[in-house]
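See structure below.
The values are calculated or read from the model by the stated rules, or taken from the named source; none is laboratory data. Being a predicted model, the structure only gives us computed values, none of them experimental. Cβ: placed from backbone, ideal geometry, glycine included. Neighbour counts: every protein chain shown. These area figures cover heavy atoms from the full protein model, side chains too; ligands, DNA and RNA do not enter into them. Shrake-Rupley method; radii C 1.70, N 1.55, O 1.52, S 1.80 Å.
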Amino acid sequence: MSEPDPLTSSPFVAAIEPITASDETIARALDDAEVPPLLPALAYLTGDLSLLRDDLRPDPLLAAALPQGGLTDDQLATARALALEVLVAFRDRGCIPAEPPSPDDLLRIMEHAVGESGLGAYLPLLSEELAVRDRDHRAPDWQRSDVAPETEFTVVVIGAGMSGILAAHRLQQADIPFVVIEKDADVGGTWLENTYPGCRVDNPNHNYSYSFAQRHDWPYHFSTQSVLEGYFRDCAEAFAIRDHIRFETEVLTAAWSDTTRRWTVKTRDSSGHEVTIEADAVISAVGQLNRPSFPRIEGIDSFEGPAFHSARWDHTVDLAGKRVAVIGTGASAVQFVPEIASTAGTLALFQRTPPWIGPTPDYHEAVAPGLRWLYENVPSYSEWNRFWIFWRMGDAAIEAVRVDEAWDRSLGSVSATNEFLRTALTAYLEAEFADRPDLLPHVVPTYPPGAKRLLRDNGIWARTLKRDNVSLITEPIARITPQGIETTDGREHVADVIIYGTGFEASKFLAPMRVTGRDGLDLHEHWAGDARAYLGITVPHFPNLFCLYGPNTNIVINGSIIYFSECGVRYILGCLKLLLEGGHRALDVRPEVHDEFNRLVDDENRAMAWGASEVHSWYKNDRGRVSQNWPFTLLEYWRRTLAPDPVDYELID
Ligand SMILES: Cc1cc2nc3c(=O)[nH]c(=O)nc-3n(C[C@H](O)[C@H](O)[C@H](O)COP(=O)(O)OP(=O)(O)OC[C@H]3O[C@@H](n4cnc5c(N)ncnc54)[C@H](O)[C@@H]3O)c2cc1C
């Protein structure tokens with residue numbers, strides 16, 4: 001028999017062994033299956049497109065919202081029985097996968113998987129995300145030695161989180177010398193620093209992972225911080241980039257020289273030793289959510305007990321029996337409050353606006369053994385599952401948060417679809433708090449779903465808020481006192497510990513570094529609190545400075561930041577190729593291109609729930625402009641970042 005086809009480029013997925021399991025084992029595994037991607041995976045595997053039965057297609061309207069894509073019990077049973085037949089026959093015929101389908105057939109399989117039609121424009125993007133058949137589709141297809149063997153060109157990458165690791169990997173693939181500067185002692189960024197109890201990803205992991213480094217063995221659907229920290233550490237090892245990283249070293253300044261046409265990057269390590277590095281390009285991968293934000297509250301420094309931010313969790317503080325005050329009910333607090341509520345003596349939760357929370361029954365669940373067996377034994381099933389998540393939580397979801405100008409917004413929604421979502425989420429909260437009607441007015445948001453990040457819940461949020469030792473305080477905070485927190489009604493809430501779940505300095509991109517460009521222009525003075533970039537990546541007057549997870553590359557409901565960084569890194573590598581091939585030293589985005597792009601982004605952001613709503617959120621900067629979010633489809637970002645258009649740039653020789 002021939003060697004099993006690895007079907008994947010991932011360093012974490014071994015070639016799948018031929019199936020030897022009994023019919024009963026396969027049938028039991030199928031009981032745990034995520035069904036919508038199952039028949040598409042089998043059609044892909046066997047080439048038998050008759051498996052794409054119309055009566056087993058998910059309804060696209062329900063697919064994004066309901067478990068199992070809204071398939072009925074009968075449909076699920078029929079699909080499982082069919083899958084059993086196919087898998088048994090596949091096993092008995094020696095587990096030989098069919099030849100890859102033609103593009104037309106691949107499109108048919110994809111459209112069946114998500115219940116939609118007309119996805120032709122998506123085919124190349126979706127093929128990349130599917131990432132089967134042993135190819136890393138987004139890897140550079142060139143090397144410096146091919147395009148400019150005599151040219152010396154070096155890059156400094158700032159940050160070794162998800163984006164920095166990726167940039168380093170791609171630079172290495174293109175044979176471009178680089179160094180990564182990382183202030184922490186290890187890689188991982190977000191997933192290294194946020195060690196608060198309950199920290200986990202909000203996107204299913206089969207999607208929240210690099211497309212070219214997927215895993216079949218995620219322990220959870222939504223993995224915990226330690227699992228993700230391990231994943232990014234494993235990636236850095238597998239990509240062999242660790243030796244290029246200077247840990248515990250912070251970038252203080254980066255200055256462009258009009259004379260040398262290079263960057264000078266000043267760093268300081270943990271012993272205070274300062275070093276400057278010269279480089280041709282700088283890639284900032286410092287994250288949007290890396291610098292904790294503390295609220296501007298009078299007396300914040302006067303509190304006499306321990307106080308810390310969720311992203312700097314102080315594990316030396318024993319919360320047992322303590323009076324704990326938590327400020328904020330955002331994404332982190334919704335994860336850690338349920339974890340500490342039973343340990344604390346009392347927990348006072350200070351809320352400005354309640355979050356919308358979406359029912360996610362498997363939020364804390366381990367991947368069931370049968371499902372894991374399928375991921376690990378049925379070639380391409382795990383990848384098709386990723387594809388399914390990518391679509392249903394990606395562009396299929398965005399319409400639910402787009403404003404319909406004709407819609408009556410007084411209901412608290414921005415369109416008919418948004419209203420459908422609001423009604424469903426309200427019903428969920430009403431059911432969860434049915435026995436505590438006193439809490440209901442405080443837990444049901446009055447702003448439209450999607451105006452702030454939608455959070456996940458498996459019932460634990462309501463159970464926590466209903467605990468006898470937990471109180472939800474919605475009276476605004478007046479000041480912090482040496483003993484606790486005083487609200488505007490004059491009450492002092494005495495506390496032993498204060499925990500800030502107050503998010504990050506998200507709109508202060510690239511802070512606190514000092515970055516100067518052409519003619520010594522200071523980036524932060526130039527932005528004046530309103531960061532903008534072309535495609536979130538390049539900024540006029542700052543040649544060869546590239547940002548990842550930069551302005552307007554965050555998403556609210558649709559997708560994963562890893563996707564944006566993969567697109568962004570491909571674009572940056574395309575810019576470097578443009579320079580090297582053409583013998584240019586640098587490129588600087590044309591101001592008019594940048595301005596026009598930002599105008600489009602601003603217009604579209606105003607047409608989204610987060611831009612139209614008045615509610616306070618971290619998506620808006622101090623000027624009220626949405627500087628975080630990408631308002632268009634994922635396809636649009638992919639299309640715009642495939643390769644740089646030279647006319648968008650001034651090329652500097
Ligand atoms: C609690 C939490 C949960 C999240 N959940 C999700 C989710 O479910 N789905 C999702 O898509 N995204 C999520 N995010 C967003 C998350 O930040 C991104 O998915 C991703 O981790 C960003 O990676 P990054 O490398 O761009 O930035 P980061 O992970 O923030 O890494 C930035 C790195 O740069 C380093 N750095 C910063 N400044 C300097 C400097 N001056 N010098 C040297 N080094 C520097 C930092 O130390 C850090 O290592 C979450 C964020 C948080 C905080």
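Among the residues of segment 618-653, the one identified as assigned to a helix (DSSP H, G or I) and touching a Ser or Thr at 6+ places or on another chain (Cβ under 8 Å) is Tyr637. Looking only at residues in segment 66-88 that are open to solvent by 40 Å² or more (accessible area, probe 1.4 Å) and part of a loop (DSSP other than H, G, I, E, B), the one that is modelled with the highest pLDDT is Thr72.
Considering (1) touching a Phe, Trp or Tyr at 6+ places or on another chain (Cβ under 6 Å); (2) touching a residue at least 40 places away in the same chain (Cβ under 8 Å), the lone condition that Leu439 does not fulfil carries the number (2). The set of residues in segment 134-185 being within 16 Å of the ligand (Cβ to nearest atom) and either among the small types (Gly, Ala, Ser) or without any contact (Cβ under 8 Å) to a residue 24 or more places away in the chain (or both) consists of Gly159, Ala160, Gly161, Ser163, Gly164, Ala167, Ala168, Ala185.
All of (1) surrounded by fewer than 24 Cβ atoms within 10 Å (Cβ to Cβ); (2) over 18 Å from Ile176 (Cα atoms); (3) modelled with pLDDT of 95 or more hold for Glu581 with one exception: (2). Across segment 227-245, the qualifying residues are those that are of a type in the set (A, V, I, L, M) and assigned to a loop (DSSP other than H, G, I, E, B), and the one among them that is most open to solvent (accessible area, probe 1.4 Å) is Ala240.
Here is the figure for segment 514-533: residues that are in a helix (DSSP H, G or I) and either farther than 20 Å from Val593 by Cα or open to solvent by 10 Å² or more (accessible area, probe 1.4 Å) (or both) total 7. Checking each residue in segment 551-600 for being over 13 Å from the mean Cα position of the chain (by Cα) and within 11 Å of the ligand (Cβ to nearest atom) picks out Gly568, Val569. Please verify whether Leu62 is in a helix (DSSP H, G or I) and either over 29 Å from Glu419 (Cα atoms) or touching a Cys at 6+ places or on another chain (Cβ under 7 Å) (or both), treating the condition exactly as stated. The answer is no for Leu62. Do we find that Phe232 is of a type in the set (A, V, I, L, M, F, W, C) and touching a Gly at 6+ places or on another chain (Cβ under 6 Å) in this structure? When the stated conditions are applied, Phe232 passes them. All conditions but one from (1) touching a Ser or Thr at 6+ places or on another chain (Cβ under 6 Å); (2) free of Cβ contacts under 8 Å to residues at least 24 places away in the same chain apply to Leu411; the one that does not is (1).
Checking Ser380 against (1) surrounded by fewer than 19 Cβ atoms within 10 Å (Cβ to Cβ); (2) within 30 Å of Leu123 (Cα to Cα), which single condition isn't satisfied? Against the list (1) surrounded by fewer than 19 Cβ atoms within 10 Å (Cβ to Cβ); (2) within 30 Å of Leu123 (Cα to Cα), Ser380 comes up short only on (1).
Do you know which residues across segment 100-134 are more than 27 Å from the chain's Cα centre (by Cα) and over 23 Å from Arg215 (Cα atoms)? Listed by number, the residues that qualify are Pro101, Ser102, Pro103, Asp104, Asp105, Arg108.
Look at Phe546 and say whether it is open to solvent by less than 40 Å² (accessible area, probe 1.4 Å), closer than 25 Å to Asp395 by Cα and within 25 Å of the chain's Cα centre (by Cα). Considered against the rule, which asks whether it is open to solvent by less than 40 Å² (accessible area, probe 1.4 Å), closer than 25 Å to Asp395 by Cα and within 25 Å of the chain's Cα centre (by Cα), Phe546 comes out as no. Within segment 582-595, residues that are part of a helix (DSSP H, G or I) reach partners that are open to solvent by less than 40 Å² (accessible area, probe 1.4 Å) with beta carbons closer than 6 Å, at six or more positions or on different chains, in the pairs Pro591/Pro540; Val593/Asp648; His594/Tyr534; His594/Pro540.
Screening Gly358 with (1) modelled with pLDDT of 95 or more; (2) closer than 19 Å to Pro67 by Cα gives one miss only, at (1).
Residues in segment 472-501 that are open to solvent by less than 40 Å² (accessible area, probe 1.4 Å), closer than 20 Å to Thr329 by Cα and not small (Gly, Ala, Ser): Leu472, Ile473, Ile480, Ile485, Thr487, His493, Val497, Ile498, Ile499, Tyr500.
Residues in segment 123-133 that are in contact with a Leu (Cβ under 8 Å, 6 or more places away or on another chain) and of a type outside the set (Val, Ile, Thr) were compared, and the one that is farthest from the ligand (Cβ to nearest atom) is Arg133. Scanning segment 394-411 for residues that are crowded, with 19+ Cβ neighbours inside 10 Å and not β-branched (Val, Ile, Thr) yields Gly394, Asp395, Ala396, Ala397, Ala400.
Each row is one residue, and each column tells you yes or no for (1) of a type outside the set (D, E, K, R); (2) part of a helix (DSSP H, G or I).
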{"site": "Asp395", "(1), (2)": "no, no"}
{"site": "Glu419", "(1), (2)": "no, yes"}
{"site": "Asp438", "(1), (2)": "no, no"}
{"site": "His442", "(1), (2)": "yes, yes"}
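Restricting segment 187-208 to residues that are at pLDDT below 95 and within 12 Å of the ligand (Cβ to nearest atom) leaves a set whose member that is farthest from Leu371 (Cα to Cα) is Asp202. The set of residues from segment 590-609 being of a type outside the set (Asp, Glu), open to solvent by 10 Å² or more (accessible area, probe 1.4 Å) and touching a Pro at 6+ places or on another chain (Cβ under 8 Å) comprises Arg590, Pro591, His594, Ala607.
The residues of segment 90-128 that are of a type in the set (Gly, Ala, Ser), surrounded by fewer than 17 Cβ atoms within 10 Å (Cβ to Cβ) and in contact (Cβ under 8 Å) with a residue 12 or more places away in the chain, listed by number, are Gly94, Ala98, Gly120, Ala121.
Scanning segment 444-471 for residues that are open to solvent by 10 Å² or more (accessible area, probe 1.4 Å), closer than 13 Å to Gly358 by Cα and in a loop (DSSP other than H, G, I, E, B) yields Val444, Lys452, Arg453, Leu454, Asn458. Could you look through segment 263-298, keep only residues that are surrounded by 14 or more Cβ atoms within 10 Å (Cβ to Cβ) and free of Cβ contacts under 8 Å to residues at least 40 places away in the same chain, and pick out the one that is farthest from the ligand (Cβ to nearest atom)? This residue is Thr264.
Note on segment 129-155: among residues that are open to solvent by 30 Å² or more (accessible area, probe 1.4 Å) and of a type in the set (Lys, Arg), the one that is farthest from Ala397 (Cα to Cα) is Arg144.
If you go through segment 610-634 and keep only what is open to solvent by 10 Å² or more (accessible area, probe 1.4 Å) and over 30 Å from Gln351 (Cα atoms), you end up with Phe632, Thr633.
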